[in-house]
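Working notes, beginning with the structure itself.
The values are calculated or read from the model by the stated rules, or taken from the named source; none is laboratory data. If you're wondering where the values come from, they're calculated on a predicted model, not measured in any experiment. Neighbour counts are summed over all protein chains in view; Cβ atoms, including those assigned to glycine, are modelled from backbone coordinates with ideal geometry.
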Amino acid sequence: MTDTRQVRAMDLRALRQDDTRWRIIVLNGPNVGQALRRIDGFDEQLAAWADGLGVQVEQRTSNHEGRLLEAIHATSDETHGYLVNPGGLRMVGESLRHALRDAKRPHVLVHLDSDALRGLPSIFAPSVTSIVSGLGAYSYLGALVALVRGLDDATFLAPGSTDPISRPHGAPRSLYG
Amino acid sequence: MMEAVPTMANTTARRHRIMLLNGLNMTNLGRRDPHIYGRIGSLAELEELVRATGDGLGVDVIAVHANDEGALVDAIEEHDDIDGYLINPGGLWAYGLPTRIALSETGRPTCEVHFANIYATGHESIFTETVRGTVMGAREHGYVAALVALIALLDAEQGG
């Protein structure tokens, strides 16, 4: 049983290395809106985490893949990064996956439950910048912290960074490929 | 008249204890490919980042690292007062079944952390099959993210 009221107050700003007010869009795909409505006060928690970190976070939640594509197309020029929970599109959302890659912005795959990573592989997992999964609503908290710290880091995801080891476009890297 | 009356909260509550496990090859941090691992200087620097972040959030971090899998299993078995685990299995991602079993047997939440998004090269960690949480592809920032999320999860499930 979880009780969100028991979660301690955290100084999230202290986790940052910069104070830029990054703009982050949270994309929730089919079936995700319904799952989030079952979490007590999810929207308020997300807003509090954004406020604590000092970043701008907006949610775009839809059961229609086309709406998510249009949200990315319309926002990518002024957005620094995305969180994406593809929900039911995890095996079939090829267009959503392409839209995220085309946006050339860091994007973090989020799942409430890691069952989404087990068994048949997600088509999103190999192409996203980062993954935060399995920690319920706190997967979104972890994903925001990871993305914001990454954007604050001029050797990693910071927009426009030219450091040779930076990846402002958000393409993933792994060993021994 | 004000009197100091002990409450349940301040007599029974203690800081969460989080064990940070770093597995095989992580002692070589600082000399590994910076495109994957970034410019963090050493494993000690990483452990200090997690410890200081934990301290700022009010939890204790017990850092353990080893290049022998048995030492990780020993450390997990020797501490019976851990509330949650963060583990970067390092080279054990593929075959670290003894470590995975030891973590499962604690019954406590575990979050695995990897610097790289290992799916990008077609790898799948055996830890993902059983651990509660997975964080990958965010370099050292993933450890901070996993720690914050794990603390919130522990608070929500068992009280702060």
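Could you give every pair whose Cβ atoms fall below 9 Å, whose first residue belongs to segment B:121-138 and is on the phi > 0 side of the Ramachandran plot and facing chain A (nearest Cβ under 7 Å), and whose second residue is of a type in the set (Phe, Trp, Tyr) and crowded, with 20+ Cβ neighbours inside 10 Å, counting only separations of at least 6 or pairs across chains?
Final answer for the pair search is B:Gly137/B:Phe115; B:Gly137/B:Tyr119.
Taking B:Glu78 as the residue in question, decide whether it is closer than 19 Å to B:Glu47 by Cβ, acidic (Asp, Glu) and modelled with pLDDT of 95 or more.
Yes: the conditions hold for B:Glu78.
Only residues in segment A:98-116 that are more than 18 Å from A:Ile39 (Cβ to Cβ) count as the first member; pair them with residues that are among the basic types (Lys, Arg) and surrounded by fewer than 21 Cβ atoms within 10 Å (Cβ to Cβ), Cβ under 9 angstrom, at least 6 apart or cross-chain, and list the lot.
A:Pro106/A:Arg167; A:His107/A:Arg101
Okay, residues lined up against (1) surrounded by fewer than 20 Cβ atoms within 10 Å (Cβ to Cβ); (2) touching a Pro at 6+ places or on another chain (Cβ under 7 Å):
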site	(1), (2)
B:Ile76	no, no
B:Asp80	yes, no
B:Asn88	no, no
B:Ala94	yes, no
B:Leu97	yes, no
B:Leu103	no, no
B:Cys111	no, no
B:Ala116	no, no
B:Tyr119	no, yes
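Taking the conditions exactly as written (charged (D, E, K, R) and within 14 Å of another protein chain (Cβ to nearest Cβ)), does A:Arg38 satisfy them or not?
no
If you take the residues in segment A:131-177 that are more than 8 Å from chain B (Cβ to nearest Cβ) and of a type in the set (Asp, Glu), which one is surrounded by the most Cβ atoms within 10 Å (Cβ to Cβ)?
A:Asp152
Residues in segment B:144-158: is at least one within 18 Å of B:Gly23 (Cα to Cα), more than 7 Å from chain A (Cβ to nearest Cβ) and out of contact with any Gly (no Cβ under 9 Å at 6 or more places or on another chain)?
Scanning segment B:144-158 turns up no residue that is within 18 Å of B:Gly23 (Cα to Cα), more than 7 Å from chain A (Cβ to nearest Cβ) and out of contact with any Gly (no Cβ under 9 Å at 6 or more places or on another chain).
If a residue counts only when it is on the phi > 0 side of the Ramachandran plot and either within 11 Å of the chain's Cα centre (by Cα) or within 13 Å of chain A (Cβ to nearest Cβ) (or both), which strands (runs of 3 or more DSSP E) contained entirely in segment B:43-120 have at least 1 such residues?
Once the strands (runs of 3 or more DSSP E) in segment B:43-120 are filtered for at least 1 residues that are on the phi > 0 side of the Ramachandran plot and either within 11 Å of the chain's Cα centre (by Cα) or within 13 Å of chain A (Cβ to nearest Cβ) (or both), what remains is B:84-90.
Considering only residues that are without any contact (Cβ under 8 Å) to a residue 60 or more places away in the chain and surrounded by 14 or more Cβ atoms within 10 Å (Cβ to Cβ), which ones fall in segment A:9-26?
If the condition is that a residue be without any contact (Cβ under 8 Å) to a residue 60 or more places away in the chain and surrounded by 14 or more Cβ atoms within 10 Å (Cβ to Cβ), then A:Met10, A:Arg23, A:Ile25 are the ones that fit.
Check segment A:120-140 and report whether any residue there is touching a residue at least 24 places away in the same chain (Cβ under 8 Å), within 20 Å of A:Leu15 (Cα to Cα) and in a helix (DSSP H, G or I).
Looking through segment A:120-140, at least one residue is touching a residue at least 24 places away in the same chain (Cβ under 8 Å), within 20 Å of A:Leu15 (Cα to Cα) and in a helix (DSSP H, G or I).
Given the residues A:Asp163, A:Asp113, A:Asp102, A:Asp152, which is the only one that is over 15 Å from B:His114 (Cα atoms) and in contact with a Gly (Cβ under 7 Å, 6 or more places away or on another chain)?
The match here is A:Asp113.
Taking the condition at pLDDT 95 or above, outside any loop (DSSP other than H, G, I, E, B) and under 11 Å from the mean Cα position of the chain (by Cα), does B:Tyr143 pass?
On the way: at pLDDT 95 or above: yes; outside any loop (DSSP other than H, G, I, E, B): yes; under 11 Å from the mean Cα position of the chain (by Cα): yes.
In short, yes.
For A:Ser122, only one of the following conditions fails: (1) under 15 Å from the mean Cα position of the chain (by Cα); (2) buried (at least 21 other Cβ atoms within 10 Å of the Cβ); (3) more than 7 Å from chain B (Cβ to nearest Cβ). What is its number?
So the condition that A:Ser122 fails would be (1).
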